[in-house]
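First up is the structure itself, then whatever we jot down about it.
The values are calculated or read from the model by the stated rules, or taken from the named source; none is laboratory data. Here the structure is a predicted model, which means the values were calculated and not measured. FYI the Cβ positions are ideal-geometry reconstructions off the backbone, even for glycines, and counts take in every protein chain you see.
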Amino acid sequence: MRFLLDDEQREFARSLDGMLAAADTPAVVRAWAAGDTAPGRALWSRLAEAGVFALAVPERYDGVGPLPVELAVAFTELGRHAVPGPLVETVAVAAFLDRVGDEAAAAAWLPGIASGKTVATLCPLSPDSPYALDADAADAVFVVDDGTVRLARTAGTVQPSADPARRLARPLGGTVLTHGAGVTAAAAYAAGVAALATAAQALGLGRTLLARTVEYARQRTQFGVAIGSFQAVKHRLADVLIALEFAQPLVHAAALALASEDPGADREIAAAKVSACEAAYTAARTALHVHGALGYTDELDLSLWIRKARALRSAWGTPAACRARVLAD
């Protein structure tokens, strides 16, 4: 499959890139990690004005979607700038509410998601994903458990994460919204949307890690020459570039499969997720090594991207689980 973004999609990506480049996202990430969500919520509103969340919401609920390809484009830029918050989970909630068959719940929450007024998170209680991301900062926490969906009453105790800006919690209590076979099917679809968005996020994250590491390798000198001239460094950077180049068409193919409701979309998404997240993880390890001792410091902005790559690797599907789905009969 040969897939290229059209002019409108590329312009959308450029506009998001420009907006986020001017938003000082490292400061927003650090504030979010410290529990100050005000800068993050302000940026969230600007993303909503740009139409990011509306991409996951149907037109009848004030959205423009669902548009999986454009969603992948947007999340690549969000990952490129390491934007914090339950971005993936909010679009997953939108996908879930659109499919679950509860018109009252959809009408109550989807317009707010599209406008950016509602920050939501989703917790599919399972051994692989027992936590809700940023439940303490969300306006609504949806928990799916054995064919039942409930709106959690409290966020529960916040757990530490590999990425300080990703706060995890086990939601407690809540009101049952609906139950039945439709919940399970809608949750599976929402998990697919979340995995695709996570893959796109990882792709953008890896691009930034590579670009900044290449820039550093050109500037840092050792023995009187730039370290980027060393063969060992060149080979490691080339490996990252190849991994990212191979991951990008898989992300686009998964988005197309989801848009067309291809029966094989689950495999396509799993392949994209493991490929993009492993590429981003490789980029993070390479950035850490090339930057030397600087790579371990909190003061270095790049550490925000490095930590996020580790967290995204297992979010919404571990590498082993994704590979198993790709190889399943």
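Quick notes on this one:
- Output for the stretch 136-151, where each listed residue is under 13 Å from residue 173 (Cα atoms), among the hydrophobic types (A, V, I, L, M, F, W, C) and either buried (at least 22 other Cβ atoms within 10 Å of the Cβ) or modelled with pLDDT under 90 (or both): 141, 142, 143, 144, 149
- Meets criteria (assigned to a helix (DSSP H, G or I), closer than 24 Å to residue 253 by Cβ and modelled with pLDDT of 95 or more) for residue 48: no
- Filter result for residue 105 (under 28 Å from residue 320 (Cβ atoms) and either modelled with pLDDT under 95 or in a helix (DSSP H, G or I) (or both)): no
This table checks each residue for (1) surrounded by 18 or more Cβ atoms within 10 Å (Cβ to Cβ); (2) not small (Gly, Ala, Ser).
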{"residue": "153", "(1), (2)": "no, yes"}
{"residue": "157", "(1), (2)": "no, yes"}
{"residue": "168", "(1), (2)": "yes, yes"}
{"residue": "179", "(1), (2)": "no, yes"}
{"residue": "186", "(1), (2)": "yes, no"}
{"residue": "200", "(1), (2)": "yes, no"}
{"residue": "205", "(1), (2)": "yes, yes"}
{"residue": "212", "(1), (2)": "yes, yes"}
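- Enumeration of residues in the stretch 221-280 that are touching a residue at least 40 places away in the same chain (Cβ under 8 Å) and among the β-branched types (Val, Ile, Thr): 227, 233, 240, 251, 269, 274
- Residue 36 in contact with a Pro (Cβ under 7 Å, 6 or more places away or on another chain) and surrounded by fewer than 22 Cβ atoms within 10 Å (Cβ to Cβ): no
- Candidate set from the stretch 271-304 (those that are polar (S, T, N, Q) and at pLDDT 95 or above); member that is farthest from residue 321 (Cα to Cα): 286
- Pairs, first outside any helix (DSSP H, G or I) in the stretch 65-76, second buried (at least 23 other Cβ atoms within 10 Å of the Cβ) and not basic (Lys, Arg), C-beta under 7 Å, six or more apart: 65/54; 65/55; 65/56; 65/57; 66/56; 66/95; 67/55
- Residue count for the stretch 41-73, restricted to those that are within 8 Å of residue 114 (Cα to Cα), β-branched (Val, Ile, Thr) and surrounded by fewer than 18 Cβ atoms within 10 Å (Cβ to Cβ): 0
- Condition check for residue 214: touching a Leu at 6+ places or on another chain (Cβ under 8 Å), within 21 Å of residue 301 (Cα to Cα) and part of a helix (DSSP H, G or I): yes
- Among residues of the stretch 297-325 being surrounded by fewer than 20 Cβ atoms within 10 Å (Cβ to Cβ) and outside any helix (DSSP H, G or I), the one that is nearest to the chain's Cα centre (by Cα) is 318.
- Checking each residue in the stretch 68-106 for being over 18 Å from residue 187 (Cα atoms) and hydrophobic (A, V, I, L, M, F, W, C) picks out 69, 71, 72, 73, 74, 75, 78, 82, 83.
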